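The values are calculated or read from the model by the stated rules, or taken from the named source; none is laboratory data. The structure displayed is predicted, hence computed values, not measured ones. Cβ sites come from the backbone with ideal geometry, for glycine too, and all protein chains shown count toward neighbours. Surface areas here come from the heavy atoms of the whole protein model, side chains and all, with no ligands, DNA or RNA. Shrake-Rupley method; radii C 1.70, N 1.55, O 1.52, S 1.80 Å.
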Amino acid sequence: MKVLLVNPNRMRPVVAPLALEYIVQGLRGEGIEYDILDLAFSEDPRADIARYFSGNSPAAIGVTVRNTDDCYYLSGDFVLERTKEITDEIRRHTDVPLILGGVGFSAMPEAVISYLKADFGIVGEGEEAFPRLLRALRGDGDLSEVPGLIYRTEDGLVRNPIRYIDLGERNLSHRGAVDNLRYFCEGGMAGFETKRGCDRRCIYCLDPVSKGRWVRLRPPEDVADEIERLLSMGITHFHTCDSEFNVPEFHAVAVCEELVRRGLGDKIKWYAYASPRPFSEELASLMKRAGCVGIDFGVDHGDEGMLERLGRDFGPEALEKAVGLCRRYGIVCMFDLLLGGPGETGNTLRGAIEQMLRLAPDRVGVALGVRLYPNTRLAELVVEEGFTPENPNLRGQVDDNPDWLRPVFYLSRDLGENPAEYVGGIIRGDKRFFFPSREDIRRNYNYNENQVLVEAIQRGYRGAFWDILRRLAEGEGAG
């Protein structure tokens with residue numbers, strides 16, 4: 001049998017569909033043929049879909065759903081509407097099983113499968129589950145035995161238990177299913193994983209829901225093999241796709257040591273998402289030697305009470321240490337703030353921004369409003385408050401949105417009717433802060449349809465999007 005894999009993500013700058021890359025390796029291992037219809041670069045998706053089906057008849061279709069929306073309160077872009085246009089167009093050409101997967105799908109699987117009117121969906125990892133589903137569809141196996149599968153019965157949607165794979169037993173380093181070099185040239189970097197899952201207790205976070213709370217570690221050798229393969233294609237800038245690269249720290253150390261051992265630190269530049277703790281001097285030094293040039297720390301806040309309410313396991317002192325180590329080892333760093341959560345007041349918000357001014361990381365990302373996702377602690381708190389239009393802490397589409405599929409945000413009532421104006425008044429145009437500004441569009445922190453970034457990458461800028469914006473503001477050259 002042959003399966004068609006579709007990437008419907010058309011955000012700009014483009015981001016390579018890492019899920020499809022890893023899924024393909026599972027299909028190859030099972031001897032299953034596949035085609036890929038990558039619509040990220042398509043000028044006319046409808047015509048490209050028609051062109052494919054004019055000459056091909058796949059037995060099943062897999063669609064990766066990376067985003068349901070852009071998770072950005074000030075835009076509230078419901079990206080899934082555009083994905084539905086693509087799946088609806090596919091349905092015009094074929095009635096073979098339509099199967100969903102991806103991190104966006106796993107966030108709210110029943111809601112997404114219903115909205116897109118798909119036949120099946122796989123929650124969590126698909127390297128094992130997707131081939132098993134394909135075998136079951138051709139009569140070799142039972143649907144009830146496919147891990148993480150959602151399927152329709154007479155009684156409605158049924159979800160099988162998830163079984164996470166052992167990454168130590170899988171080689172994920174073979175990249176090449178999609179045009180990674182083109183993604184690099186038009187997207188500025190390539191993503192890679194060193195682990196999956198997150199055991200942190202942040203009250204809002206989607207990662208434990210979509211990727212699981214069991215942290216599964218990839219062998220450092222497999223990670224290095226993957227980077228070497230991408231480097232051989234001409235790709236030199238990378239970004240981790242882990243929830244937090246340094247959790248657990250011993251594994252981050254081992255990955256860096258393997259990159260150093262192979263001499264890759266002088267050939268590549270890479271960026272990481274990380275927690276302010278644990279972040280030791282040993283790790284900072286190794287990351288620098290291994291080629292790391294930038295770290296995006298998810299700090300969320302600077303107020304101890306707010307950090308505790310958000311479920312973080314560090315205090316303000318960890319932020320100062322992180323900045324100090326980055327300065328010592330010449331690593332640029334950004335602090336990501338998440339403002340407006342439960343208990344936020346004008347004073348706590350002002351205190352967080354003033355603390356950023358004092359600590360002076362290279363950049364500060366300001367996200368205002370916390371996107372609500374089912375199966376998180378924040379979701380439980382909102383249900384206790386009441387998920388109704390009368391709840392003054394809710395912004396976005398509350399009516400006719402029972403599954404929270406369309407963007408809805410928690411934004412503390414104590415910030416008043418115009419919290420964006422309040423935040424802007426405190427920042428006062430400081431170029432180190434990423435927050436929407438009419439005066440400087442290079443401070444737009446939303447990477448969805450960001451034309452400034454698209455044009456910078458066309459001119460040769462490479463790296464994490466936030467660092468490209470930083471270099472533009474500083475007047476630094478491309479590269």
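Of the residues making up the stretch 176-196, those that are in a loop (DSSP other than H, G, I, E, B) and over 19 Å from the mean Cα position of the chain (by Cα) are Gly176, Ala177, Asp179. Screening Leu74 against (1) outside any helix (DSSP H, G or I); (2) open to solvent by less than 10 Å² (accessible area, probe 1.4 Å); (3) over 24 Å from Val178 (Cα atoms) leaves a single unmet condition, (2).
Does any residue of the stretch 439-462 turn out to be among the small types (Gly, Ala, Ser), closer than 22 Å to Ile295 by Cβ and under 24 Å from the mean Cα position of the chain (by Cα)? Yes. Checking each residue in the stretch 399-422 for being over 14 Å from Val370 (Cβ atoms), open to solvent by less than 20 Å² (accessible area, probe 1.4 Å) and among the aliphatic types (A, V, I, L, M) picks out only Leu405.
Take the residues in the stretch 93-117 that are closer than 15 Å to Pro58 by Cβ and outside any strand (DSSP E or B), then tell me which one is most open to solvent (accessible area, probe 1.4 Å).
Among those residues, the one meeting the criterion is Asp95.
If you go through the stretch 341-360 one residue at a time, do you hit one that is crowded, with 22+ Cβ neighbours inside 10 Å and in a loop (DSSP other than H, G, I, E, B)? Yes. Scanning the stretch 121-157 for residues that are among the β-branched types (Val, Ile, Thr) and part of a loop (DSSP other than H, G, I, E, B) yields a count of 2.
Yes or no, residue by residue, for (1) among the polar types (S, T, N, Q); (2) within 17 Å of Ala352 (Cβ to Cβ); (3) in contact (Cβ under 8 Å) with a residue 60 or more places away in the chain:
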position	(1), (2), (3)
Ile268	no, no, no
Tyr271	no, no, yes
Pro278	no, no, no
Leu283	no, no, no
Met287	no, no, no
Gly298	no, yes, no
Gly302	no, yes, no
Leu310	no, yes, yes
Asp313	no, no, yes
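Tallying residues that are outside any loop (DSSP other than H, G, I, E, B), closer than 25 Å to Lys84 by Cβ and basic (Lys, Arg) within the stretch 366-406 yields 2.
Taking the condition within 24 Å of Ser173 (Cα to Cα) and part of a helix (DSSP H, G or I), does Arg213 pass? Against the criterion (within 24 Å of Ser173 (Cα to Cα) and part of a helix (DSSP H, G or I)), Arg213 does not qualify. The residue that is surrounded by the fewest Cβ atoms within 10 Å (Cβ to Cβ), among those in the stretch 318-340 that are of a type outside the set (Val, Ile, Thr) and in a strand (DSSP E or B), is Asp336.
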